[in-house]
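To start, the structure itself, in C-alpha cells.
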Amino acid sequence: MPELIAIDANKLPWEERFNEHVGRPLYRKNLITDPVTGMEVRLVRYPAGFLNSLHTHPCAHGMYVLEGTLVTNAGRFGPGSFVWFPEGMAMEHGATAEQDVTVLFITNKPFEIHYIEKKP
C-alpha cells in the first residue's frame, strides 16, 4: 500500500549546483522524484542576476513563485504566480538583478536541459 510522504523543507540544506553554461551556481532542495514517471518536485533558488540562457527541456515543467520575481523571456512573475513551460519550448528564466527568486519547481518526467547556442 502506498505511504504518505511528508518532508520538512526547512530542515533540508540548500544544495549548490554550479551551472557551467552560466558560470554561476544556483541552489536547490530536492523534495521528491517519482521512480516510475521521473516526475520531480524541488525548491530552486536563483541568486540575484542569475539568468539561465536560452534552452529547452524534453519535459514540461512549472514554477510556482514563492519569493522574489521570476524573470522569463515571456515576462516577469511575482509571488503567487504559477508559470508552466511546455515540453520543447525555448525559454530563459532566472532572477532579477536586485533580488533572489525562489520557486517550487515541478516536472512531468525526468529533467534534462539543452542549451541553444546563439548565432553571432
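All of the numbers you see were taken from the coordinates with simple rules; none came from a lab. The shown structure was predicted, so the numbers you read here are calculated from the model rather than taken from an experiment. Counting neighbours? That spans all protein chains shown, and the Cβs are built from the backbone with ideal geometry, glycine included.
Things to note:
- 22, 101, 71 arranged by Cβ crowding within 10 Å, fewest neighbours leading: 22, 71, 101
- Around the amide H of residue 93, modelled in the peptide plane, lie the amide H atoms of 52, all under 5 Å away and 5 or more residues distant in sequence or on another chain.
- Springs join every pair of Cα atoms under 10 Å in this Gaussian network model of the chain, and among 29, 11, 109 the largest mean-square fluctuation is at 11.
- Pair residue 90, residue 1: separation of 7 Å Cα→Cβ label points (nm): 5.2 nm
- Residues of the chain were split at every exposed loop site, defined as GluC sites (Glu not before Pro) in a DSSP loop with at most 12 other C-beta atoms within 10 angstrom, and the longest piece left, sites excluded, is 21-97.
- Averaging over all projection directions, the Cα-based convex hull of the stretch 62-101 occupies 2.6 nm² in the image plane.
- The chain, dipole about Cα centre (Lys/Arg Cβ +1, Asp/Glu Cβ -1), debye to the nearest 20: 200 debye
- For a label point 7 Å along the Cα-to-beta-carbon line of residue 60, residues of the stretch 67-87 with backbone N under 16 Å: 82-87
- Counting neighbouring beta carbons within 10 Å and listing from fewest to most, the residues 106, 32 come out as 32, 106.
- Shape category assigned to the stretch 1-47 from the gyration tensor of Cα positions, a/c cut at 1.5: oblate
- Calculated on the Cα set of the chain, radius of gyration then Dmax: 14.5, 56 Å.
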